[in-house]
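The values are calculated or read from the model by the stated rules, or taken from the named source; none is laboratory data. These numbers were taken from a predicted model, which means no experiment stands behind them. Cβ sites come from the backbone with ideal geometry, for glycine too, and all protein chains shown count toward neighbours. Quick note on the areas: whole protein, heavy atoms, side chains included, nothing else; ligands and nucleic acids left out. Shrake-Rupley method; radii C 1.70, N 1.55, O 1.52, S 1.80 Å.
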Amino acid sequence: MREIEEKAARSYRSRFGEDPELVASAPGRINLIGEHTDYNGGFVLPCAVGRRIAVAMGGGDGELYSTNFDETRRLSNEKDSSWADYPRGVAWAFDEKGRRIENFRAAYAGDVPLGSGLSSSAAIEAATALALDKLFGLQSDRKDLAVLCQRAENEFVGVQSGIMDQYASLLCEEGSALLVDCRSLEAEGVPLDLEAAGLALLVCDTRVERGLADTGYNDRRAACERAARTLGVEQLRDAGIENLSRLSGEELRRARHIVTENARVLEAVEALRAEDFRELGRLMYQSHASMRDDFEISTRELDAFVELSEATGALGARLTGAGFGGCAIALVHTEETGALSRAGRETFAGRGFEEPLFYEFVPAAGAEVAR
Ligand code: GLA
């Protein structure tokens with residue numbers, strides 16, 4: 001078992017005085033490219049990170065214990081705006097599918113940084129869904145579990161997110177990124193061997209907290225839907241660059257990001273398959289510019305890191321996730337990660353920003369039952 005899984009198991013034992021029946025865990029994610037395209041029926045290319053949320057589970061009375069917060073909350077159909085709403089939402093979503101999930105208890109432990117855009121919420125949903133599925137012998141398909149987790153997030157927690165994060169957490173494989181067609185929900189692994197190319201992805205957490213439930217995300221979603229209506233298409237996935245002249249103002253900017261970003265995801269997959277990391281990097285910079293200028297979801301901190309990366313010779317860099325804060329990624333030669341993170345800290349200090357955090361990225365495994 002991984003250390004974080006051991007930790008959840010130990011918590012379960014000390015809390016409930018027995019061994020858990022099983023332990024499962026699920027990772028956070030970064031997205032290589034393809035932002036805000038998921039709810040437009042488009043393409044995304046996320047990758048699981050080496051940080052996970054683990055759950056130890058067994059039969060019980062609905063006690064949910066968090067090691068990180070050192071508190072017990074109860075399983076219920078009422079929300080209380082805490083971490084426990086995610087497991088509650090997943091149990092609720094199983095119930096809605098006619099799968100009665102009750103009489104269980106769980107202890108959680110995790111090292112996915114919260115609220116930083118690495119999708120700790122999808123990780124806790126995915127770990128819970130996989131553990132419940134196993135505990136109750138349901139044998140669900142991974143894709144169905146991801147859709148169930150998204151439903152928990154949309155309808156129970158009340159955040160209108162797309163399918164990317166749950167898909168990444170449940171379906172990614174070690175050493176690969178995951179190309180998802182968010183309309184057909186088909187997914188396929190794309191090998192990502194950075195090490196062999198002498199490259200690394202550096203994750204910069206700007207420590208500017210994003211509130212996903214906040215207006216920005218839902219506003220962007222609504223603007224994309226308006227643009228699709230103006231164009232007379234079901235989703236912006238169906239629009240081409242040649243249609244954009246029929247739009248203006250905000251609708252034009254938002255739609256231009258989605259249409260060009262979808263094309264960039266497919267080009268990035270080609271580049272990865274050809275091991276053309278320079279091209280991947282170029283697409284990452286373009287993607288960032290599109291999110292900064294057209295989709296308007298970047299921040300001064302994210303822009304500062306991307307500009308610094310470009311100025312110091314990184315192959316590519318962009319914000320990753322929903323934007324409005326959170327993390328950026330940079331594609332760099334392995335020996336340059338130290339220098340870039342030092343320069344990042346200095347730049348942020350000089351501009352009076354929060355001190356950023358840097359993580360080493362490894363394309364890790366998706367959700368797993370450990371025991
Ligand atoms: C958040 C959402 C995802 C996706 C990204 C932006 O992570 O949960 O569904 O929309 O933002 O690409």
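One table, with the values for the structure above:
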{"read-out": "Per-residue HN-Hα couplings for segment 222-237 [Karplus 6.51, -1.76, 1.60; θ = phi - 60°; Hz; x = Gly/Pro]", "value": "5, 5, 5, 5, 5, 4, 5, 4, 4, 7, x, 10, 5, 9, 5, 3"}
{"read-out": "Beta bridges per DSSP with both ends in the chain, % antiparallel, nearest 5", "value": "95"}
{"read-out": "Under 5 Å, built H, 5+ apart or other chain: amide partners of G110", "value": "A54, N68"}
{"read-out": "Relative contact order (%) - criterion: Cα under 8 Å, at least six apart; region: segment 1-145", "value": "29"}
{"read-out": "Prolate/oblate/rounded label for the chain (Cα gyration tensor, a/c 1.5)", "value": "prolate"}
{"read-out": "Accessible-area composition of segment 54-99, carbon plus sulfur, in percent [1.4 Å probe]", "value": "38"}
{"read-out": "Protein accessible area in segment 304-364, 1.4 Å probe - carbon and sulfur %", "value": "50"}
{"read-out": "Candidates S82, S290, S121: whichever shows maximal mean-square fluctuation once the chain is modelled as a Gaussian network with Cα springs under 10 Å", "value": "S82"}
{"read-out": "For segment 1-93, the spread of Cα positions along each principal axis, largest first, Å", "value": "47, 33, 21"}
{"read-out": "Among H288, H333, H257, residue whose mean-square fluctuation peaks in a GNM of the chain (springs only between Cα atoms under 10 Å)", "value": "H333"}
{"read-out": "Lys, Arg +1 and Asp, Glu -1 on Cβ, resulting dipole of segment 202-347 about Cα centre, debye, nearest 20", "value": "280"}
{"read-out": "Cα gyration tensor, segment 60-205 - rounded (a/c under 1.5), prolate or oblate", "value": "prolate"}
{"read-out": "Percent RCO, i.e. relative contact order, over segment 243-371, from Cα pairs under 8 Å lying at least 6 residues apart", "value": "17"}
{"read-out": "Of all accessible heavy-atom area on segment 170-242, the percent that carbon and sulfur account for (1.4 Å)", "value": "43"}
{"read-out": "The chain - percent relative contact order, Cα under 8 Å, separation 6 or more", "value": "24"}
{"read-out": "Rounded if a/c under 1.5, otherwise prolate or oblate - segment 265-371, Cα gyration tensor axes", "value": "rounded"}
{"read-out": "For segment 52-109: accessible area per residue (Å², 1.4 Å)", "value": "43"}
